[in-house]
Amino acid sequence: MDVVRIIIAILLPPLGVFLQVGIGLHFWLNILLTLLGYIPGIIHAIWVIVKK
């Protein structure tokens, strides 16, 4: 299942974080990072998913 979440995180970083942790600090932080730059959002999303 993590592979699917990582693929989703690459395509839509906030959705990948949402599927892992729900709506919380990491979700909102990821939306902010994605708005500031797509690559930081991807890196954060993958980090949240792998950190589990």
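Out of the residues in segment 23-40 meeting the condition of being out of contact with any helix residue (DSSP H, G or I) (no Cβ under 6 Å at 6 or more places or on another chain) and under 15 Å from residue 51 (Cβ atoms), tell me which one is surrounded by the most Cβ atoms within 10 Å (Cβ to Cβ). Give the steps one after another, and end with the answer.
Initially, segment 23-40 is screened for residues out of contact with any helix residue (DSSP H, G or I) (no Cβ under 6 Å at 6 or more places or on another chain), giving 23-25, 28-29, 32, 35-39.
If we keep only those that are under 15 Å from residue 51 (Cβ atoms) too, we end up with 24-25, 29.
On the way: 24: 10, 25: 8, 29: 15.
Residue satisfying both the conditions and the ranking: 29.
Summed over segment 9-52, the residues that are touching a Pro at 6+ places or on another chain (Cβ under 6 Å) and either touching a residue at least 24 places away in the same chain (Cβ under 8 Å) or among the β-branched types (Val, Ile, Thr) (or both) give a count of 5.
Every number here is computed from the coordinates shown, using simple stated rules; none is lab data. Fair warning: this is a prediction, and the values are worked out from it, not measured in the lab. Glycine also receives a Cβ, built like all others from the backbone with ideal geometry; neighbour counts cover every protein chain displayed.
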